[in-house]
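Input: a single structure, listed below in structure tokens.
Nothing in this text is a laboratory measurement; each read-out follows from the coordinates by a stated rule. Everything numeric here is computed off the predicted structure, so don't read it as measured data. As a convention, Cβ positions derive from the backbone with ideal geometry for all residues, glycine included, and neighbour counts pool all protein chains shown.
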Amino acid sequence: MKSKIFFLRSVSSLFLLTALVAIATSCKKDLDINTDPNVPGYNDASVALVLPAGELATTAKLGGDLAILGGIWSQYYTQSAVANQYKSYDAFDVKTTDVVDNSSYDILFSDGLKNYQYVIDSSKSQQNWSYYLMATVMKAYTTGILVDLYDKIPYSQALQGTANLNPAFDDGYTIYQSLISSIDTALGKDFTAPTNTPITTPGYVASDLVFGGDISKWKQFANTLKLKFYLRMVNAHPSVASAGIISLFAAADSATFLSVDASVTNFTDVPNKDNPMYEQNIRSLNTPDNLRASVTLASWLAQYGDTRCLKYFGDSTANAINQGDFNGTTPSYATADVFVEKPTDPVIFISAAESAFLQSEADLRYLGAGHAKELYDTGVARAFEAAGQANEIDSFILPGKPYDSLYTAAPLEAIITQKWLSFPIGCHEIEGFFERNRTGFPVSSPVYSTDPSYIPGEFVIGPNSVLSSGLYPKRLVYPYDETSRNTSAPALVPITTAVWWGL
Amino acid sequence: MNKLLTLLGAFLLLSSHSLFAQGTISGKVTDPKGAPLAGISVYVHGTTIGTSTGSDGSFSLDVLQNEVVLDFSGVGFIPKSETVTVGTPVAVQLVIQNKALTEVVVTALGISKAKYKLGYSTATFNSAAINRDAPVSMMDGLAGKIAGATISQTGGPGSSTKVILRGYGVIGGGNNQPLYVIDGVPLSDALLNGSGNTAGSFTPDVSGNLDFGNGSTSVNPSDIESITVLKGTAATAKYGSTAKNGAIIITTKKGRPNGKLKIAYTGSLDYASVGKLPEMQSEFGQGWNGQFILSENGSWGPKLDGVERPWGATVDNSQLIKPFSAVKNNIRNFYTLGTGSTNNISLSGGDKTTGFYFSYGNVSNNGIIPTKADYLERNTFTLRTNSVFNNFSFNSSFNYINRNQNAPFTGQGSTDGASIFESLLQIPVDIPIHDFSAYKNKFFNVDNYFSPYGENPYYPLNENGANQKSDRFFGNIDMQYKFLKHFTAEYRLGGDFTNMRTHGWKQPNAPSPGSWDAGNNVEGAPRAVDVGTVIQSSDYYGTLNSDLIVSYNKDLSKDFTLDALVGGNFYQSAQRNQFAYITNLVIPGFFNLSNSSNPPITSDFISLRRRLGVYAEATVGFKDQLFVTGNIRNDWSSTLPINNNAIFYPGVNGAWIASTTFDLSKTPISYLKFRAGYGQTGSDPDPYQTNTKLRSGDVTLGFGSLNTPFNGTPAFGLSNIIPNPDLKPIITSEVEGGTEIGLFKDRISLEVTGYQRKTNGQIFTVPIAPSTGYAQPSPGQTNAGAVENIGLVTNTGIEITLGAKIIQSKAPSGFNWRIDYTYAKNNNEVNYLTNGLQNVVINTDYDAELRATPGQSVSELYALGPEMVNGKIVVNAAGLPQAASNKVDYGSTLNKYAMGLTNTFTYKSFSLDCSLDFRYGGVMYSGTADLVLFTGNGVATTYNDRKPFVVPNSVMAVTDGSGNVTYATNTQQIGSTQNNTYWYPTSNPGTSYQQRIFDRSFLKMRDITLVYSLPVGIMSKAKISAASIGVYARNLLLWVPKANVYVDPESTNLGNDLAGELGEFRSAPVSKNFGVVLNVTF
């Protein structure tokens, strides 16, 4: 009996063993199904597919969250008194955990810089220098925005994934120097080399969303960006700024700097395909009229009869709210003009007007070539054109007209103030915030804008500010997403402390 | 040679009896102490050949074969089967029957076993217990009745049921649900939300999610014979990967091959009324900042004075008038009486070889929300057969389920349209909600609804909605062949296939130019346009499962028995979700994807996983009192790295029936068993986490997103998830030990189990610093970072089940009282996370988040909290509390312990059941509280009679000229017109979360049922074999701590897994049900 059972057991064991072997061999094939069918694989990546993903990330954050934050902090518009969305911005109460702080930082690193770095590395190995230049400029531009917002950020050790989970924070000025030198390296490449590929995906339109791959314009963007970087150094490192600008202009000709906007256009009036600020503030938010005209900007426009009021607030004179007075009960607040946004508005990285103003300031400060006023006039003219007010240019900049007189009285203040006036175009508001922190213009008002002695256009502190009296925000606090996950993150720096280049 | 011939002979004679008489078998039957037992039936197994023992316990029997199996049975004794041979005297011992020794439970792989042989804890419920109160979902009737099982129903008809056994072990992937197994085949328990849940999102979140239930809610409870809950890994290891959270083993009703046709009908009528609603204050009326404002959506106005005043919009130069006083039961009046019915009819029977069971079940249920916004129609068809042909048996089961369900959008409204629940919560307390039901009336319509900040709740109720139609088939075939005397081969093939079509729609609307809501109101505030939406999704879920099992059962010797099996398993699960939506509808009322000037936004998702497994188990029994079981399993999974895809896990358990070993007849102990078990399961990750990939170039904006292709340019970026080519499985290992005690002839039964379960190697996409380049989830995704095995979670607990027959009448129809009590305490702790990870965020609502933090529970609630200096709250210049820079721990959301108590009374033909469910401890965040506090409707907002107040115990920072900060006692009042700022997180980030987070303890009367069974005499005349009628109520009473004046703590719209532990976000209220149920069997 026993031996029979033993035998049967052997037979069935053999059977099972055979089955197991069969399973084991079929295992590999049947189980090798773990490639995600829902997205392309890493090997499908190409510089042409990845560059526009990066450009869109910069576009989305600069033209979305940062435009709105910048617009409120640049006192173009203010939080409506009958809605809630941006109260914390107007109260200068942006904290380390706030979405606006974290999401811009997260996306600019993850969807912007990381993709630019991929294009830089990949195009470098392919000697595809046109892509190399575009990605280098976009990476420098985007990194510059982050430095201007946060001062120190991870740079030299960043973007390495799990290879470095705790990238060190680099000094903002050092990063700037490195950005300039990376632009120089890229500019020195051979763009006629046969290894350069066309800036299109076969069968599709240009993969570059900014200039459609026009390398001459990218070179202008690169130079104008360098100029902007050098001018950021005027307080902290004036001699470096001066030397850099002099050498930049030494080789300059008329084609050196941008005379058109470096921008992303081609937005359509369709959900998820429209201007990011419009998409997030109008289309996707249930209260589309949070952003109302601020007395700060509106009073200036009214004072000088500046017709751009029509563009900004849809009215020749704006009914405005005193900046930051969102709990105010003034009856006219309810009907204050809403900041005009269009789904097809562009997102501008550097505007044509800004380029002229940067050159004007460079001439005024360091070159002394006598073109400063001329460039200033060009800047004002371009700004009016961009606002659809080309016909009005002469009545402001011809000799004796208001913006001519202002220049004569105080050239630098006039340049920066005109620049400030131009930034609401193309979701470029954050630059107004940066430039005021660098130059102090427009100046701060000693009184609130309700005071009879208030001078139009001067910056005020709203009644709901959470900061100690007289203080303005000068940066963003390091985002919680970074500080909570990166052991190399430095201690939080108060929002009122200037970044390295600031006043 | 001889052996081989014998073997051949065995094969040839396998299924036929020899026709020749072989001889006589004789023997003696005694009890374990050797005393002879008389009157014991002795039958040849499977035949009518038999006899019974004489007064000396002896018997003799003529048999046809040399070797036969004899079945011994007698009243009061445990039946026993013995293999005997002609010529060998038989000595059989029968053990006195003890109720605990007769219970048979269905264990893993659908194998029935005597409960006393098991080394782990089980709980079994029969059909009557499951169906006592005619539940729509099978688990609903078991809440509070299983120690160690947390069962909650989360919303309206057909919504998800949450079942968690022995606490949450798994951090990532929302996968803490048990495995549901029907007749040995795993059932898909996927959430049936449809991929069109929200624009681009596959997971429940705050924005407008829909709950169409989970997979287990499709099964018709009436078709169930029994449910066995296997809570621990020791019990479920044989299932491998899928059973790491325990298993619910469902055995369905079968036909009996007895030649009779049985027809059974069960029907019920069910009524539902709204349960707990937020309590509203009744002192202050419409307005804001202390002023009466006609168009405000809150109650921050002046004191209610009862004076008749005009309200709402001025339309055609007229305005409505009403008293300025609080409306009683304002929100309650919005809800209606829900009505439902269930009808089940089953036919079963069969001839001598084949039994069949056919049933049709219908559930029609219209919930408490007016209209058919919450509605479920479910039809189930079942056909099962079970046939025995000699040594071969064949079973089949085919089940078809058709569901047609409507579910309301919950959560946060968006630009496409409003949510009913949000709209309800922001109507001032003095405005009668029910009047708005005439939502096309000129005063209440889109143009003239009183406030531009909200919408008439009857508008989304009537104009927006979502419907899901689904077809589901599941079933199995099962073949068993007893190919040798002790060997049985079984092959089982099962499948579960669901196709769902989900359709959501929101009507576009906009206030007409110049109308009240277009901005022509006292505040000049226009209401945003609702652009409308159409969502369509098509979802497929399919699983295939097959097992081949060879088992061997043999009494090795007089004392030793062996039950062994080896098996192989193939499992595949596939999923496809296709989803499209449009916004900006052009033609109102036309809900088709073509109805927009914009192209539809689409997504397409495929997922496929396979597993192969082999397993073996052996149980050795010694003298029917000591059992040791060992099992091993090895799985190969497609979702693990291809060159390292094997998972091996062992298990062992033992049971000792001490009351059989020792004579305890002089003690009150009638049954005593000790058991201990250890088991491991390995769980594979979700698919597609091992290879590097790209992602679409879509970018998330503050609201909305910027999508690719952009103006014809395709864009793909590098994925923000770093895959892990070295990913390991999650290993769950559990040790449990317990005792089962019967006292006073089993009048009292007690089961105590202690366990510790360690879930190691948690798979999670770990958020990493943005500067590494991998931080931002893609639109529609919830995570970014590095996929890693991150840590260890331990659940340690104790479970007690006590049953006592307090009064046991001797007469059959006398009064009986039985209580069943359960107690479960589970301690959940994250032991560590790897890579210095400080915590893992599982879910967030605004600034409240659920975290898994080492040293704390896996479900710890963090939110903004006050900045404190020397124990005092720091306020800002406005006198409002400031937030500390780090979020504050508000405690675990998990209950500290749970208790259930069921009282059963029977008297004559009546039986009365009442069960209570008590859960103590844990906190929750409430999005309902958030909204009623913001609007000043909540009772808490009458704090200090809304007079100016200084935040108690607070200080204010003072900065001197040189920048030094000191703190002075705060004297800054929050003015009576600014009271509202204290109750809103934007203005009061410091303490507003304390207002929104509260204790989630509750005591619920789960159900109370009274059943009357018709006397047999009456019934036999009508050829009815059994009939009963019962009345029941579910969730009738609810007690919660004082702080919870907002919601039923079980209601949630954040899903039925760990993420839902955060709380709720403006979810639908839970209902109370009552009804009548009728059972008739012919």
Checklist entry - Hey, quick one: spin label on B:TYR540, modelled 7 Å out along Cα-Cβ, who in the range B:166-190 has an amide N within reach, i.e. under 19 Å? => result B:188-190
Next on the checklist: Averaged across orientations, what area in nm² does the convex hull of the alpha carbons in the range A:50-187 project?
Outcome noted: 9.3
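Using only the C-alpha atoms of the range B:665-766, find the volume of their convex hull and express it per residue in Å³.
178
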Checklist entry - Hey, if you drop one equal point scatterer on each alpha-carbon of the range A:267-395 and run the Debye formula without solvent, what base-10 log of I(q)/I(0) do you get at q = 0.14, 0.15, 0.16, 0.19 Å⁻¹? => result -0.79, -0.88, -0.96, -1.14
Checklist outcome for this item: The answer for the net charge of residues other than A:LYS226 whose Cβ lies under 12 angstrom from its Cβ, with Lys and Arg +1 and Asp and Glu -1, is +2
Next on the checklist: As a test of the formula, what do you get for chain A when each DSSP H run with n ≥ 4 contributes -39,500 (n - 2.57) and the sum is divided by the residue count, at 222 nm and rounded to the nearest 500 deg cm²/dmol?
Outcome noted: -14000 deg cm²/dmol
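How much length is gained if the chain between B:ASN592 and B:ASN362 is pulled fully straight, taking 0.36 nm per residue apart and subtracting their Cα-Cα distance, in nm to one decimal? Display every interim value, and only then the final one.
Values: separation 230, 0.36 × 230 = 82.80 nm, distance 3.01 nm.
Gain on extension, B:ASN592 to B:ASN362, equals 79.8 nm.
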Next on the checklist: Using Cβ counts within 10 Å as a stand-in for footprinting exposure, how do B:LEU933, A:LEU310, B:LEU109 rank, fewest first?
Outcome noted: A:LEU310, B:LEU109, B:LEU933
Checklist entry - If r is the Cβ-Cβ distance from A:ALA251 to A:ALA409 and R0 is 41 Å, what FRET efficiency results, to the nearest 0.05? => result 0.75
Next on the checklist: At 7 Å along Cα-to-Cβ for each site, give me the label-to-label distance between B:SER665 and B:ASN835 in nm.
Outcome noted: 6.7
Next on the checklist: How would chain A be classified by its alpha-carbon gyration tensor: rounded, prolate or oblate, with rounded meaning a/c under 1.5 and the a/b versus b/c comparison settling the rest?
Outcome noted: prolate
Checklist entry - Can you give the mean number of other chain Cβ atoms that lie within 10 Å of the Cβ atoms in peptide A:329-340? => result 2
Item to check | Average other protein chain Cβ within 10 Å of Cβ, residues A:288-301 | outcome: 1
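Determine the shielding of peptide B:563-571 by partner chains: average, over its residues, the number of Cβ atoms on other chains within 10 angstrom of each Cβ.
Per residue, the average neighbour count from other chains is 2.
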Checklist entry - Given R₀ = 56 Å, FRET efficiency for B:ASP726-B:THR51 by Cβ-Cβ distance, to 0.05? => result 0.25
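Got a sec? How would A:ASP451, B:ASP496 order by Cβ neighbour count within 10 Å, fewest to most?
Details: A:ASP451 12, B:ASP496 26.
In increasing order of surrounding Cβ atoms, one gets A:ASP451, B:ASP496.
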Checklist entry - So what's the gap between the Cα centers of the range A:396-468 and the range B:909-955, to the nearest angstrom? => result 49
Checklist outcome for this item: Taking every alpha carbon pair in the range B:481-622 and sorting the distances into 10 angstrom bins from 0 up to the bin holding the longest one, the percent per bin comes out as 10, 20, 16, 14, 11, 10, 9, 6, 3, 0
Checklist entry - If you find the alpha carbon centre of the range A:94-157 and of the range B:732-791, how far apart are they in angstrom? => result 38
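Which value at 222 nm does chain B reach when only helices count, each DSSP H run of 4 or more adding -39,500 (n - 2.57), with the total divided by all residues and rounded to the nearest 500 deg cm²/dmol?
Details: 10 runs with 59 residues, N = 1082.
So the helix-based figure for chain B works out to -1000 deg cm²/dmol.
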Item to check | Three principal axis lengths of the range B:961-1002 [C-alpha, angstrom, descending] | outcome: 53, 25, 19
Checklist outcome for this item: In whole percent, the Cα-Cα distances of the range B:350-492 spread across 10 Å bins from 0 upward as 10, 25, 18, 13, 12, 10, 8, 3, 0
Item to check | Label-to-label distance, nm, for residues given as B:LEU383 and B:ASP555 (7 Å Cα→Cβ offset) | outcome: 4.3
Checklist entry - For the range A:471-485, in order, what is each residue's ³J(HN,Hα) by Karplus, 6.51 cos²θ - 1.76 cosθ + 1.60 with θ = phi - 60°, in whole Hz (x at glycine and Pro)? => result 9, 10, x, 10, 6, 10, 6, 3, x, 4, 4, 7, 5, 7, 10
Next on the checklist: If I model a spin label at B:VAL869 and A:SER488 as a point 7 Å from the Cα along the Cα→Cβ vector, what separation in nanometres do I get?
Outcome noted: 3.5
Next on the checklist: Averaging the inverse of every distinct alpha carbon separation and then flipping it gives the Kirkwood radius. What is it for the protein assembly as shown, in angstrom units?
Outcome noted: 36.6
Checklist entry - When only alpha-carbon atoms count, how far does chain B stretch along each of its three principal axes, as whole angstroms with the largest first? => result 108, 69, 62
Next on the checklist: Between B:ASN391 and B:ASP604, what's the calculated FRET efficiency when r is the beta-carbon distance and R0 is 56 Å? Round to 0.05.
Outcome noted: 0.65
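Write down the Å³ per residue value for the convex hull defined by the alpha carbon atoms of the range B:757-843. Spell out each step's value before the answer.
On the way: hull volume 13.4 nm³, N = 87.
Convex hull volume per residue, Cα atoms: 155 Å³.
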Checklist entry - Mean separation of Cα pairs under 8 Å and 6+ residues apart, divided by the residue count of chain B: what relative contact order is that in percent? => result 11
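Using only Cα atoms, figure out Rg for the range A:335-455 and give it as a multiple of 2.2 N^0.38 Å.
Working: Rg = 15.0 Å, N = 121, 2.2 N^0.38 = 13.6 Å.
Cα Rg divided by the expected 2.2 N^0.38 Å: 1.11.
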Checklist entry - Cα atoms only, the range B:838-978: Rg and Dmax in Å? => result 22.5, 89
Item to check | Calculated Rg and Dmax of the range B:902-962 using C-alpha coordinates, Å | outcome: 25.1, 89
Next on the checklist: Under the rule a/c < 1.5 gives rounded, and otherwise a/b versus b/c splits prolate from oblate, where does the range B:245-374 land using the Cα gyration tensor?
Outcome noted: prolate
